[in-house]
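Throughout, read-outs are computed from the coordinates displayed, never taken from laboratory work. Since the structure is predicted, the reported quantities are computational estimates derived from the model, not experimental observations. Heads up, the Cβs are rebuilt from the backbone with ideal geometry, glycines too, and the neighbour counts pull from every protein chain shown.
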Amino acid sequence: MNYHLAKSIAIPLTLGVLIFVTGCSHAGNADQQPNQNQSENSQLASPNSPLAGSKSNQQTAKNSASYTDKKRQATNLQCNNAVINQAYQAKNPSVKRQVLGCGTVIKVLKDDNQGSRHQKFLVKIDNYPNITVLIAHNIDLAPRIEGIQAKNPIRFYGEYIYNDKGGVVHWTHRDPASRHQHGWLEYKGQQYQ
């Protein structure tokens, strides 16, 4: 098989970010299935990029307001809870890691109204039942999740910091000063940032 570089294009995304997509073809057939290296490279896109994950995952996220188990399984393909587990196992609170995780809300806590207001809830991390994290979602900078309830799946992208209770994930919102990676929460098919 003789693959050759067909073209590279820049795709502007919202927030002024550019990503580069490189296309390869075999004997001039651009419709051929991507090889394994192309599949791996497609995961280099930002986790909130519309190009992250497979087309079926994108379609699931776009077209449905309900959040069924089938969609949750497709979404988990994009989550990387192993990074949270590694940080948890390292037990070093001075290390901050940007994480894309999935789990189940196990308890909704009272809002923290001192200083910047935060909506708080506990999440049991999928595939790591010994890890529970506190999500501290800044509701002065992002919309609150109205009606959030225990036993529902949630996806999050934010900064994880270890503590002896499992850790905290914050920066689940946009940074108005653009000095920190933007984060988000996804609950019942809707994204909050």
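General observations
- Packing around the peptides 132-138, 105-111, 78-84, taken as the average count of other Cβ atoms within 10 Å per residue, puts them in this order, highest first: 132-138, 78-84, 105-111.
- Near HIS182, the amide H atoms lying under 5 Å from its own belong to ASP175; only residues 5 or more places off or on other chains count, and H is placed 1.01 Å from N.
- Rough spin-label spacing in nm, given labels placed 7 Å along Cα→Cβ, for ALA150 and ALA82: 3.2 nm
- Stretched out straight at 0.36 nm per residue, the stretch from ILE106 to LYS188 would grow longer than its current Cα-Cα span by 28.0 nm.
- Net charge, LYS107 excluded, C-beta distance under 14 Å - Lys, Arg +1, Asp, Glu -1: +4
- Amide H partners (placed H, <5 Å) of ASN152, local residues excluded: VAL105
- Separation of the ALA177 and VAL95 label points, Cα + 7 Å toward Cβ, nm: 2.6 nm
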